[in-house]
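Notes for the one structure printed next.
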Amino acid sequence: MISMYGNPLLTQVPLSVCSASCPPGFWKAAKEGEPDCCFMCVLCPLGEITNQTDSLTCSKCPWDQWPNERQNRCIPKTIEFLSYEEPLGATLAVISIGLSAIPSGILMIFIYFRKTPIVKANNKFLSYLLLLALALCFLCSLFFIGFPSSRKCLLRQAAFGVIFALCVSCVLAKTIMVVVAFKAINPTSNLKQWVGLQLVYMIVTICTVIQVILCVSWLTHLPSFSDYNTNSQPGKIIIECNEGSPIAFWSMLGYLGLLATISFVVAFLARKLPDSFNEAKFITFSMLAFLSVWLSFIPAYLSTKGKYTVAMEIFAMLSSSFTLVACIFFPKCYIILLRPDKNTKNLLPNQNKYLNSVDSATVINISN
């Protein structure tokens, strides 16, 4: 059709487009067997963006950035670690410091009442050392809160392993001393020479040194280091301590478990010995609770991520330490503070029988 001016008259021929433009955040994917003007708008994959209309490809964000909700711009990733400023970290720090005051207070009580029969009967030196170790166990959890610098990563697991080994070694020494002390009652027994601090020093030193050697070997060959984990959780950079050698980490925990198991078995076998000198029943309960906490910790540790993994380890440390304080020392504090009438030699007939059966030099060692 020709217009009056001699020009062809347009009849608004249809535009050769069958798909709308793809907005930023999407890319154009061709439809198979369709013209180029027909395409699909596909959302960019996780971690990628487009910032132009009708982009043919998406581009990845830098390692420390993440797409915004529209996936048209990269924004900094959230940095995560268990800090003192957040409620979880602050709460755990306050609990750790508060709980450390319990063994510290009990230590003061034991020192003040050091001449009473119940304190003497349970080996003062070991009780003092165990209470000090338990206070350090609670405070040790503070190494796990705050920015995980490389120096802190080096120290925290080693401090945890050695301090807890010292603590469990003291419990093991207490357990063995119970058995040795009662076996030494027999006049024909050769164990009298082992009743006293010599055996205590040997058990605690050897058991703790083995853990020290494990930790030093670990930190010398494959030390822990500060790691920026960008793969565990999308959109987050988890700053954590890479243990360096998982085998060394689990070996350290396994050694603690071995010491606790030996203490439990020996205490369980000695639980029916006469009551006056016998801590075995309390140690049996404490070691059973200690092992239960750490056995529960393993699946929880493996199933959590980020700062919650660290929080789980702190919770296990605090729980296991508290079980030792509660099971071993609370009954003694109850008698010392609330039932002083029971804290006399006259009401400890088995103790008197024991003291009369052992030579005076051995008695002095036990009493001290």
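The values are calculated or read from the model by the stated rules, or taken from the named source; none is laboratory data. Values in this document were obtained by computation on a predicted structure and should not be read as measured data. In this analysis, Cβ positions are derived from the backbone assuming ideal geometry, glycine residues included, and neighbour counts consider all displayed protein chains. Ligands, DNA and RNA are excluded from the accessible area calculation, which covers all protein heavy atoms including side chains. Shrake-Rupley method; radii C 1.70, N 1.55, O 1.52, S 1.80 Å.
For (1) crowded, with 17+ Cβ neighbours inside 10 Å; (2) among the β-branched types (Val, Ile, Thr), each residue gets a yes or a no:
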{"position": "SER224", "(1), (2)": "yes, no"}
{"position": "ASP227", "(1), (2)": "no, no"}
{"position": "GLN233", "(1), (2)": "no, no"}
{"position": "ILE238", "(1), (2)": "yes, yes"}
{"position": "ILE247", "(1), (2)": "no, yes"}
{"position": "TRP250", "(1), (2)": "no, no"}
{"position": "GLY254", "(1), (2)": "no, no"}
{"position": "ALA267", "(1), (2)": "yes, no"}
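Considering each residue of region 227-240 in turn, none proves to be farther than 30 Å from GLN71 by Cα and in contact (Cβ under 8 Å) with a residue 40 or more places away in the chain.
Okay, residues lined up against (1) modelled with pLDDT under 85; (2) out of contact with any Phe, Trp or Tyr (no Cβ under 7 Å at 6 or more places or on another chain):
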position	(1), (2)
SER217	no, yes
GLY235	yes, no
ASN242	no, no
SER245	no, no
SER251	no, yes
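Going residue by residue through region 278-298, is there one that turns out to be at pLDDT below 80, open to solvent by 50 Å² or more (accessible area, probe 1.4 Å) and part of a loop (DSSP other than H, G, I, E, B)?
Looking for residues that are at pLDDT below 80, open to solvent by 50 Å² or more (accessible area, probe 1.4 Å) and part of a loop (DSSP other than H, G, I, E, B), one finds none in region 278-298, hence no.
For PHE290, the conditions (1) farther than 22 Å from CYS170 by Cβ; (2) touching a residue at least 24 places away in the same chain (Cβ under 8 Å); (3) not aliphatic (A, V, I, L, M) are fulfilled apart from (1). Within region 100-115, being touching a helix residue (DSSP H, G or I) at 6+ places or on another chain (Cβ under 7 Å) and either among the aliphatic types (A, V, I, L, M) or open to solvent by less than 30 Å² (accessible area, probe 1.4 Å) (or both) holds for SER100, ILE102, PRO103, ILE106, LEU107, ILE109, PHE110. The residue of region 68-99 that is farthest from ILE145 (Cα to Cα), among those that are of a type in the set (Gly, Ala, Ser) and surrounded by 13 or more Cβ atoms within 10 Å (Cβ to Cβ), is SER96. Within region 144-153, one or more residues are touching a helix residue (DSSP H, G or I) at 6+ places or on another chain (Cβ under 6 Å), at pLDDT 90 or above and not in a strand (DSSP E or B).
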